[in-house]
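Undergrad: Take this structure first; my questions come after.
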Amino acid sequence: MSNGRVFADIADRYDRINRVLSLGQDQAWRMRAVSHLPSGRLLDLGAGTGAANEIFGRFEVVALDPAPAMLARNAAPNRVVAVGESLPFIGESFDAVFSAYVVRNLHSLEATLDEINRILRPGGRAGLVDLGRPATRVKARVHRVGTGVVLPLVGLVAGARAEYSYLHHSLDKLAAPEQLYASTPFDIVDIWRMGPLGFVYGVVLEKRR
Ligand SMILES: C[S@@+](CC[C@H](N)C(=O)[O-])C[C@H]1O[C@@H](n2cnc3c(N)ncnc32)[C@H](O)[C@@H]1O
């Protein structure tokens, strides 16, 4: 199943499902990254239904997502259908980029980071939040067993088995964030883990001046 199909299929239930699975913490996890970003023009990359809109008070937001079905539910005034790997904006035209729960779904994180670097002004920042596995091997194994049981059950109840199977497998797709962001064109301002067993991470990157 392609990730485009996944998000088109669950668009109407996406926010509810996310809130339940995160035990109501998804917005607090987003907020911690947003609090590190400079004011001004912000790109919400993979904005989906606009779940983060309520915490973007001080920003002029552009919401970007490749799934029209997700974006159709997003109330942001500026919406763009596109992918992170090819951003339809001129260079140095944003102060900040925010992206929550998107990195695992990208075709290429490397190409997307290059694009973020291109569109940010020098000193601009990107705040990324995503899910993965806990840092230690034992905790990661426990977490893998847990999501292998819980997510198919939730999928069965929600009538979306393929989508939940996709979520379970996507958690193992990428390296740990400490490795993933070690050699990028940016300076790392901060990187942290949160949530049960630390399976959620946040990272703030700054474009070099
Ligand atoms: C799990 S949802 C997160 C939505 C929103 N950021 C949030 O915090 O609720 C992942 C989003 O990433 C989008 N997406 C998938 N591939 C993408 C890509 N290559 N570039 C940008 N967004 C992508 C999906 O369409 C989907 O809306």
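Undergrad: Considering every residue within the range 129-149, establish whether at least one is within 13 Å of the ligand (Cβ to nearest atom) and β-branched (Val, Ile, Thr).
TA: yes
Undergrad: Only residues that are part of a loop (DSSP other than H, G, I, E, B) and either modelled with pLDDT under 95 or more than 9 Å from the ligand (Cβ to nearest atom) (or both): list them for the range 75-85, please.
TA: Answer for the range 75-85, where residues must be part of a loop (DSSP other than H, G, I, E, B) and either modelled with pLDDT under 95 or more than 9 Å from the ligand (Cβ to nearest atom) (or both): Ala75, Ala76, Pro77.
Undergrad: Taking the range 47-74 as the search range and keeping residues that are part of a helix (DSSP H, G or I) and touching a helix residue (DSSP H, G or I) at 6+ places or on another chain (Cβ under 6 Å), which one is nearest to the ligand (Cβ to nearest atom)?
TA: Here the residue is Met70.
Undergrad: May I pose another question? Which condition from (1) near the ligand (Cβ under 10 Å from one of its atoms); (2) modelled with pLDDT of 95 or more; (3) in a loop (DSSP other than H, G, I, E, B) is the one that Asp44 breaks?
TA: For Asp44, the failing item is (3).
Undergrad: I need the helices (runs of 4 or more DSSP H) fully contained in the range 137-189, keeping only those with at least 3 residues that are out of contact with any helix residue (DSSP H, G or I) (no Cβ under 7 Å at 6 or more places or on another chain).
TA: Output list reads 137-158, 177-180.
Undergrad: Residues being surrounded by 14 or more Cβ atoms within 10 Å (Cβ to Cβ), of a type outside the set (A, V, I, L, M, F, W, C), out of contact with any helix residue (DSSP H, G or I) (no Cβ under 9 Å at 6 or more places or on another chain) and not in a helix (DSSP H, G or I): count how many of those fall in the range 97-123.
TA: Total satisfying the criteria: 1.
Undergrad: Here is a further query. Working only within the range 162-182, note down all residues that are under 16 Å from Gly202 (Cβ atoms), within 15 Å of the chain's Cα centre (by Cα) and of a type outside the set (A, V, I, L, M, F, W, C).
TA: Matches in the range 162-182: Pro177, Tyr181.
The values are calculated or read from the model by the stated rules, or taken from the named source; none is laboratory data. A quick note: this is a predicted structure, and the numbers were derived from the prediction, not measured. FYI the Cβ positions are ideal-geometry reconstructions off the backbone, even for glycines, and counts take in every protein chain you see.
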